Amino acid sequence: MTILDKIYNTTLKGSHKDMVDLVKKAVDGGEKPNDIINRALSPAMIEVGDKFEKGEYFMPDMLLSAKAMKTAMVVLKPLLKGADKMIERGTVVIGTVKGDLHDIGKNLVITMAEGQGFKVIDLGVDVDFTVFVDAVKMHHPQIVAFSGLLTTTLANIPEHIKALTDAGLRDSIVLAVGGAPVTRDFADRYQIEIYAPDASSAAREFVKVVE
């Protein structure tokens, strides 16, 4: 078994305590950070998402695998310099909408998106529509993602979209929405292009936007 296979399996199992030593060993052995990400971490997170969708993995399993990947990235990010810097697919601005303080789902989406090569701007929770507008102006993302877990806060999403439209930014971005109470019908009602029921499907839809 190669060191990349070991990193892949460690990510799949969510054994974050073993990850730092494995990644350092891989780097010391000549593996490029880019290859560790693209050939071990990212494919592992895709499989985690597939297992979740099939009912073989549950939320705690996804959280452990996400933690394992984040642990690996702590080691790798400082090494991604110059010619070896990971090529970013695009930029995603994401935040939990105004009135909602939940972030587990949002954080999983961030991990999955970063695993597929996206630069992710995390606006945090309880994000006012003006903050989304400012972030789009500053970072010029391809995708803006709204996260919400409370049914009551979904009513704020149209306000967020209107603010982006009024600022002349709506046509330059693809919108995404996700969270327990969100449905495909809700997304269609407000002309939101991407509806993602879980983090892995969100990442796959993000990739389609920039392909």
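The values are calculated or read from the model by the stated rules, or taken from the named source; none is laboratory data. Remember, predicted model here, so these are calculated numbers, not experimental data. All Cβ positions, glycine included, derive from the backbone under ideal geometry; neighbour counts span all protein chains shown.
Go through V125, V109, V131 for me and flag whichever is in contact with a helix residue (DSSP H, G or I) (Cβ under 9 Å, 6 or more places away or on another chain) and over 21 Å from V48 (Cβ atoms).
V125
Suppose the filter is assigned to a helix (DSSP H, G or I), modelled with pLDDT of 95 or more and either touching a Gly at 6+ places or on another chain (Cβ under 7 Å) or in the same structural domain as S200 (by TED's automatic domain parsing) (or both); does V109 pass it?
Numbers: assigned to a helix (DSSP H, G or I): yes; modelled with pLDDT of 95 or more: no; either touching a Gly at 6+ places or on another chain (Cβ under 7 Å) or in the same structural domain as S200 (by TED's automatic domain parsing) (or both): yes.
The answer is no for V109.
Could you identify the single residue in T71, T111, T96 that is more than 26 Å from I7 (Cβ to Cβ), surrounded by 15 or more Cβ atoms within 10 Å (Cβ to Cβ) and either touching a Pro at 6+ places or on another chain (Cβ under 7 Å) or polar (S, T, N, Q) (or both)?
Numbers: T71 fails: more than 26 Å from I7 (Cβ to Cβ); T111 fails: more than 26 Å from I7 (Cβ to Cβ).
After applying the criteria, what remains is T96.
In the range 137-211, which helices (runs of 4 or more DSSP H) lie fully inside it and hold 1 or more residues that are touching a Lys or Arg at 6+ places or on another chain (Cβ under 8 Å) and either charged (D, E, K, R) or in contact (Cβ under 8 Å) with a residue 40 or more places away in the chain (or both)?
The qualifying helices (runs of 4 or more DSSP H) are 157-166, 199-210.
Could you check the range 39-55 and list, in sequence order, the residues that are of a type in the set (K, R) and farther than 15 Å from A66 by Cβ? Explain how you work it out, then say what you get.
In the first step, residues of the range 39-55 are kept if they are of a type in the set (K, R); the result is 39, 51, 54.
Within the range 39-55, R39, K54 meet the criteria.
Of all residues in the range 160-211 being of a type in the set (D, E, K, R) and closer than 17 Å to F118 by Cβ, which is surrounded by the fewest Cβ atoms within 10 Å (Cβ to Cβ)?
So in the range 160-211, the residues of a type in the set (D, E, K, R) come out as 162, 166, 170-171, 184-185, 188-189, 193, 198, 204-205, 208, 211.
Subset that is closer than 17 Å to F118 by Cβ: 193, 198, 204-205, 208, 211.
Values: E193: 14, D198: 17, R204: 15, E205: 18, K208: 9, E211: 7.
Ranking the qualifying residues of the range 160-211, first place goes to E211.
Name the single residue, out of those in the range 52-68 being among the aromatic types (F, W, Y) and buried (at least 17 other Cβ atoms within 10 Å of the Cβ), that is nearest to V109 (Cα to Cα).
Among residues in the range 52-68 that are among the aromatic types (F, W, Y) and buried (at least 17 other Cβ atoms within 10 Å of the Cβ), the one nearest to V109 (Cα to Cα) is F52.
Out of the residues in the range 74-93 that are over 15 Å from F206 (Cβ atoms) and modelled with pLDDT of 85 or more, state the one that is surrounded by the most Cβ atoms within 10 Å (Cβ to Cβ).
The selected residue is L76.
Please find, within the range 19-51, the residue that is surrounded by the most Cβ atoms within 10 Å (Cβ to Cβ) out of those that are assigned to a helix (DSSP H, G or I) and small (G, A, S).
A40
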